[in-house]
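Asks: Attaching a single structure in structure tokens format; questions to follow.
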Amino acid sequence: MSRVIIRIPTPLRTYTQGADEVEVNATTVGEALDALGRRHEGILSRVCSADGSMRPFVNVYLGTENVRDLGGLAASLPNEGAVLAIVPAVAGGAGSGRERRLAELKASIPEIAPRHAFTRQSEGAALIDVREADEIAQGSPRDAYRLGRGFLELRVEEAIPDPERPLLVMCAGGTRSLFAAEDLQRMGYRNVASVAGGFSRWKAEGLPFETPRGLDVHARERYARHLTMPEVGEAGQRRLLDSRVLLIGAGGLGSPAALYLAAAGVGTLGVIDHDVVDRSNLQRQVLHNDERIGQRKVDSARRTLQDLNPSVTVTPYFENLTSVNVERILDGYDVVVDGSDNFPTRYLVNDACVHLRIPCVHGSIYRFEGQVSVFWPHYPERRGPCYRCLYPEPPPPEFAPSCAEAGVLGVLPGVIGTLQAVETIKLLLDLGNPLVGRLLHYDALHARFDEFRLAPNPDCPLCAEGRPFPGYVDYEMFCATAA
């Protein structure tokens, strides 16, 4: 038995893990090829037909002689130094295993023309654009799921949970989409097709597309953990960047809420506060520091937030919120985060939010306890209560002393303010189940959260259905009279 070196041509090296030569032991050419086939599955069928004869488009050479002229597969091999070379027909160009793989995919993955894909999308099929972000920035079909090839398997089940829904996969020219479609089939999606010609053909045929506003390289790096979440992604991050949130107060609750909203990339943060930084604030108001004692809180807040995220616009309002200025200040904001520390402001903010149809994220603290809720009678899913539904009148001072009088655990506002930031982001992105009609109560001493249901008051003088807005009142007088 002879030691034989078999030289593998480039198109067949995918079967030998890239090796260009394989060593076997054999006495005939046929035995050598059989040994090659046993060692590297799939390669023998590319050289020999099912009946064992050599394929007509492949020649095998022993040295410089074609084995067909030496007796074919039965040709004997010399005792030493035998070299067999497999030489297939080559048309030229870059033909390789990749072309064979594409041919196999085209045989198993349906391909449809862009115009047909557009029609099927309008009928409910999901169009998935698997191109990279820089390609999508040049244009993408309207209402497409822009999932990206690199994260497709991680994101698609969240975006399209129904395995029966028809999927239309698009790339730039129709090649990557074939590979992506095969992966989606493996994941259990039963009706998957590739868009022939990809976005290039879609655009050439005049089908509608849009140029989404993209994120620059710094934004992609900053918000990378958001971009990998299917619930947020690039579209959600752009939505945050376009959002406007007003914080009532730059104190204990406003500080953590503002910090996390700025870090999340909420594009515009308004901060209203008419106070200055005092040393007693620093135990809990983490927007400020010792060097800023005596400075206006809104200025200190703007400096801290822009140091954290320079892309965020911070609009300060160094004024006391009143019936005269409340609509001017609140108008145009998407969400109001109420971190105020007095009842006149709470009732004023509530009334203005109801009138302007703005959701109000409520937070309050007392010693070791805190409360969070979302007051939004106009919530699309269900009618929620407003603050007046719960508390038609404020309590007397002995039942609700201020933080200055009763004290507060310094970290407690961090818990409640952060929960307010969570609820705000849920509202901005339309995620989950916000605390509308629910009050979340936190007891720090017992490390316990309790939830209480809140029903809207059908006779509420402010938010009852069909009731006209009664106008603003003298809130200082209202609270003093009730007390």
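Asks: Just in segment 167-233: which trypsin sites (Lys or Arg not before Pro) are loop by DSSP and have at most 15 other Cβ atoms within 10 Å? Display every interim value, and only then the final one.
Replies: On the way: sites: Arg176, Arg186, Arg190, Arg201, Lys203, Arg213, Arg220, Arg222, Arg225; in loops: Arg190, Arg213.
Qualifying residues, ordered by number: Arg190, Arg213.
Asks: Next up: For Arg39 and His446 in the same chain, what is the full-extension length gain: residue separation times 0.36 nm, less their Cα-Cα distance, in nm?
Replies: 139.8 nm
Asks: Still on this model: Could you look at segment 309-358 and say what percent of its accessible area is carbon and sulfur, using a 1.4 Å probe and all protein chains? Can you show the working numbers first?
Replies: On the way: 960 of 1960 Å².
C and S atoms contribute 49 percent here.
Asks: To check you understand DSSP bridge types, tell me what percent of the beta bridges within segment 124-265 (both residues inside) are antiparallel, rounded to 5.
Replies: On the way: 2 of 11 bridges.
So the antiparallel bridges in segment 124-265 amount to around 20 percent.
Asks: When the helix-only estimate is applied to the chain (DSSP H runs of n ≥ 4, each -39,500 (n - 2.57), divided by the residue count), what is the mean residue ellipticity at 222 nm, nearest 500 deg cm²/dmol? Write out the running numbers ahead of the final one.
Replies: Values: 19 runs with 161 residues, N = 483.
After summing the helix terms and dividing by the residues of the chain, the value is -9000 deg cm²/dmol.
Asks: Along the charge dipole of the chain, which of Pro310, Gly188, Leu427 sits closest to the positive end, that is, farthest toward it, with unit charges on the beta carbon of Lys, Arg, Asp and Glu (+1, +1, -1, -1)?
Replies: Toward the positive end, the furthest listed residue is Gly188.
Asks: Find the centroid of the Cα atoms in segment 51-83 and in segment 224-278, then give the distance between the two in whole Å.
Replies: After rounding, the separation between the Cα centres reads 74 Å.
Asks: Which far-off residues, 5 or more places away or on another chain, put their amide H under 5 Å from the one on Ala137, with H placed in the peptide plane?
Replies: When sequence neighbours closer than 5 places are left aside, there are no close amide H contacts.
Asks: I've got another one for you. Tell me, how many Å apart are the Cα centres for segment 312-372 and for segment 423-483?
Replies: 12
Asks: For Tyr333, Tyr260, Tyr391, give the ranking by accessible area with the largest first, probe 1.4 Å.
Replies: Details: Tyr333 10, Tyr260 135, Tyr391 85 Å².
Ranked from most to least accessible, the order is Tyr260, Tyr391, Tyr333.
Asks: Give the lysines reachable from Lys106 as a straight Cα distance under 24 Å; neighbours fewer than 8 places away on the same chain don't count.
Replies: Excluding near neighbours in sequence, the set is Lys203.
Asks: Rounded to the nearest 5, what % of the DSSP beta bridges within the chain are antiparallel ones? Working shown, then result.
Replies: Details: 36 of 70 bridges.
Antiparallel bridges make up about 50 percent of those DSSP assigns within the chain.
Asks: Can you pull the one-decimal nm distance between simple spin-label points at Ala204 and Ile5, each 7 Å off the Cα toward Cβ?
Replies: Taking the simple label geometry, Ala204 and Ile5 are separated by 4.7 nm.
Asks: Between Pro56, Ile128, Ser108, whose Cα lies farthest towards the positive end of the dipole of segment 1-129 when Lys and Arg beta carbons carry +1 and Asp and Glu beta carbons carry -1, centred on the Cα centre?
Replies: The residue sitting most towards the positive pole is Ile128.
Asks: Could you size up the charge dipole of the chain around its Cα centre, putting +1 on the beta carbon of Lys and Arg and -1 on that of Asp and Glu, and report it in debye to the nearest 20? Before the final figure, lay out the partial values.
Replies: On the way: 51 positive and 61 negative charges, 232 e Å.
Dipole magnitude for the chain comes out near 1120 debye.
Asks: Taking the structure as given and computing Kirkwood radius over Cα pairs in Å, which label from [x] 25.8; [y] 28.0; [z] 22.9 fits?
Replies: [y]
Asks: Could you provide, to the nearest whole Å², the per residue accessible area of the chain with probe 1.4 Å?
Replies: On the way: 23620 Å² over 483 residues.
Averaged over the residues of the chain, the accessible area is 49 Å².
Asks: Which percent of the accessible area of segment 1-143 is formed by carbon and sulfur heavy atoms (probe 1.4 angstrom)?
Replies: Working: 3830 of 7840 Å².
Of all accessible area on segment 1-143, carbon and sulfur atoms account for 49 percent.
Asks: If exposed means no more than 16 neighbouring beta carbons inside 10 Å and the site is in a DSSP loop, what's the longest run of the chain without any exposed GluC sites (Glu not before Pro)?
Replies: On the way: sites that count: Glu41, Glu80, Glu123, Glu132, Glu164, Glu205, Glu231, Glu319, Glu381, Glu465.
Answer - 232-318.
The values are calculated or read from the model by the stated rules, or taken from the named source; none is laboratory data. Computed from a predicted model, the values in this text were never measured in an experiment. No Cβ is skipped: glycine too gets one built from the backbone with ideal geometry, and neighbour counts run over all protein chains shown. Side chains included, ligands, DNA and RNA excluded: accessible areas come from the protein's heavy atoms. Shrake-Rupley method; radii C 1.70, N 1.55, O 1.52, S 1.80 Å.
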